[in-house]
1. Six or more apart or on different chains, Cβ atoms under 6 Å: show the pairs whose first residue is in region 28-42 and within 13 Å of residue 79 (Cβ to Cβ) and whose second is of a type in the set (Phe, Trp, Tyr).
2. Taking region 32-71 only, how many residues are under 25 Å from residue 15 (Cα atoms), of a type in the set (Asp, Glu) and in contact with a Ser or Thr (Cβ under 9 Å, 6 or more places away or on another chain)?
3. Select from region 1-15 the residues that are surrounded by 14 or more Cβ atoms within 10 Å (Cβ to Cβ), closer than 21 Å to residue 70 by Cα and either among the hydroxyl-bearing types (Ser, Thr, Tyr) or touching a His at 6+ places or on another chain (Cβ under 9 Å) (or both) and list them in ascending order.
4. Would it be correct to say that residue 94 is more than 18 Å from residue 27 (Cα to Cα), hydrophobic (A, V, I, L, M, F, W, C) and outside any helix (DSSP H, G or I)?
5. Could you grab me the full set of residues in region 101-114 that are in contact (Cβ under 8 Å) with a residue 24 or more places away in the chain and either closer than 25 Å to residue 24 by Cα or not in a helix (DSSP H, G or I) (or both)?
6. Restricting region 17-65 to residues that are polar (S, T, N, Q) and over 16 Å from residue 85 (Cβ atoms), which is surrounded by the most Cβ atoms within 10 Å (Cβ to Cβ)?
7. Quick check on this structure: which one of 148, 91, 161, 97 is at pLDDT 90 or above and at negative phi?
8. Residue under question is residue 50, and the condition is that it be of a type in the set (Lys, Arg) and within 20 Å of the chain's Cα centre (by Cα); does it hold?
Amino acid sequence: MSNLSKLEFMALDIFGNNYLPWVLDAEFHLDAKGLGDTIKEGNEASSQDRAKAVIFLRHHIDEGLKSEDLTLKDPFQLWTSLKERYDHLKATVLPRARRGWMHLRLQDYKTISEYNSIVYRIISQLKLCGEPMNDEDMLEKTLSTFHASIWFYSSNTVKRALRNILS
């Protein structure tokens, strides 16, 4: 049977392909509902808050996962179970994102918009894995991928102009 009520964000799929963004979404929504502490170790949440958190989490996971963790009635236990199952995905996402960042070149894309989309996707993957990135890293990457004949024009003026565009 499918979920009858609307999801606030995409449910965690059984393979964990969307685990990293799902964790952020779940944490934000639990915090917004005043239930953020229920997934932390040693929490002293009321049984009513723990029940609300479990219902919310189970509503946002794949049906197959629900049946695997059917007996877990504490949100911290459910959260920990999912973390143990899928947190290792960072070890596969991070090298892939680093490789994508290393081989990223502006001239490989038809439009700046397409390039920006890829840049932000890679940066979000790096940040989800705990790798810090900032605007200077993006600028340096973009400028370093310009063709050699264009590189001459990448003076401080161009860098300042690009910073203004990015902000």
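The values are calculated or read from the model by the stated rules, or taken from the named source; none is laboratory data. Everything quoted here is computed from the prediction, not taken from an experiment. Here the Cβ is made from the backbone with ideal geometry for all residues, glycine too, and neighbour counts use every protein chain on show.
1. Close Cβ pairs satisfying both conditions: 39/76; 39/79.
2. 3
3. 11, 12 - these are the residues of region 1-15 that are surrounded by 14 or more Cβ atoms within 10 Å (Cβ to Cβ), closer than 21 Å to residue 70 by Cα and either among the hydroxyl-bearing types (Ser, Thr, Tyr) or touching a His at 6+ places or on another chain (Cβ under 9 Å) (or both).
4. no
5. Answer for region 101-114, where residues must be in contact (Cβ under 8 Å) with a residue 24 or more places away in the chain and either closer than 25 Å to residue 24 by Cα or not in a helix (DSSP H, G or I) (or both): 101, 104, 105.
6. Pass one, region 17-65, residues polar (S, T, N, Q): 17-18, 38, 43, 46-48.
Now restrict to residues that are over 16 Å from residue 85 (Cβ atoms): 38, 43, 46-48.
Working: 38: 25, 43: 16, 46: 9, 47: 9, 48: 8.
Looking at the filtered set, the residue picked out is 38.
7. Values: 148 fails: at pLDDT 90 or above; 91 fails: at pLDDT 90 or above; 161 fails: at pLDDT 90 or above.
Only one candidate qualifies: 97.
8. no
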